Amino acid sequence: MMRWLWVFLLILSGASVGSAQRCISIERSILAAQFDRAGDHLFALLADRIQQIRTSDGEVLREFVVPGADQTPTQKVNRWGTFGLTADERELILVRPDSCFLILNLKAGPDQPDDQWEVIEVPRDPASTSFPSSTFDTSFYGNLSDGRLVFTRGSTQVRKCTKLMLYDREANAFIGAPVELGGQAALSIDPDEETVSAVRMSLIGKPGRPLWQPDPNKIERLEIHWNDHGYGSVTVKAEGHLPDAPVSISPDLKEYTAQTGRLQTLNSGWLVSTIGSLQWNSSVPFQEILPPKPIQQIHFKERHGGKLSARWSGDSERLFIGWADYSPNPSLTGVSVYTRSGQRIGTLATGPARFVHVLAVSHDGKHLVTSAGKKIPESTLLWHFD
């Protein structure tokens with residue numbers, strides 16, 4: 001009774017979002033999550049299993065025990081690679097921390113446990129260079145129209161990567177050679193095409209500079225193509241600059257979010273988050289390039305935390321921002337919601353916490369999973385709003 005009363009109070013406090021309808025408390029030990037394209041189901045990764053959750057009421061429809069999870073060292077449980085659905089949503093690909101990746105057949109019935117999982121050892125690449133023993137920074141990104149799977153290496157939290165690898169299901173091997181992107185990149189893949197689009201970012205100035213220094217970043221619009229033998233080529237389509245290091249880039253590679261900070265005194269400072277459109281060098285002389293729009297400013301009493309957690313909806317129309325504030329008196333109360341142009345829609349109230357993370361957003365932006373830094377069962381919520 002107390003649980004549903006608490007959720008009801010959250011709904012009332014979240015009324016500032018106008019379109020928010022309700023939230024449901026779900027399993028709080030989720031490591032990663034992803035909605036199907038329709039937003040009807042949520043796939044949640046736990047330490048030893050995957051849950052398929054119906055978004056309308058939060059009911060767990062099926063659970064899949066992850067092969068080898070009981071053999072994964074405790075300190076590596078949080079190092080599961082991000083997982084994703086194939087374009088036809090018949091399979092789910094998961095990277096395991098011991099140089100294996102797993103393919104879950106979602107169409108296999110509960111009476112066919114042997115047909116549910118395919119476990120594949122990560123092989124050597126054609127250049128006879130071994131992949132590292134740990135796949136901590138490897139994740140499945142998507143598949144091409146011919147069924148070949150695209151894997152990335154690098155940070156997966158904000159869809160940045162440094163190289164792409166192509167896996168052929170029929171050959172049961174990575175083919176061609178890893179495509180080196182020459183810098184961190186944000187990706188966009190169209191499952192109906194044989195092309196991956198990307199925005200490559202290169203820091204200007206000292207490579208180790210703090211994130212909050214205002215030096216601009218060089219950006220390049222890339223297209224990556226693969227031939228029949230799996231060898232990829234990178235073509236630069238356009239060049240431009242960003243005023244701040246981006247925290248996230250929208251799936252259609254048109255908008256971005258960034259954070260910038262300044263110290264006011266030794267133990268205090270302020271943080272500014274911006275949203276703006278990627279600006280490419282114009283061929284029109286003297287054409288004005290507008291600066292990004294500021295969307296939020298937070299003051300901290302002490303210099304602790306301040307990390308931005310930003311996720312876009314799959315259609316790039318909505319942006320959801322959470323924060324981390326480890327100061328003695330954190331003031332975080334929920335997730336802020338914006339349109340792609342930076343217009344604030346409102347806040348999804350999760351209650352006071354030191355951090356509020358956005359774990360997953362549906363393609364249409366009408367469903368959301370948040371996790372707040374509180375030691376209570378209701379800290380992970382599934383939101384529904386129009």
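Any read-out appearing in this document is the output of simple, stated calculations on the displayed coordinates, not a laboratory observation. Values in this document were obtained by computation on a predicted structure and should not be read as measured data. Cβ sites come from the backbone with ideal geometry, for glycine too, and all protein chains shown count toward neighbours.
Averaged over residues, the count of other Cβ atoms within 10 Å places the peptides 230-241, 174-185 in the sequence 174-185, 230-241, highest first. The alpha carbons of the stretch 138-187 occupy a box of 30, 18, 16 Å along the principal axes, longest dimension given first.
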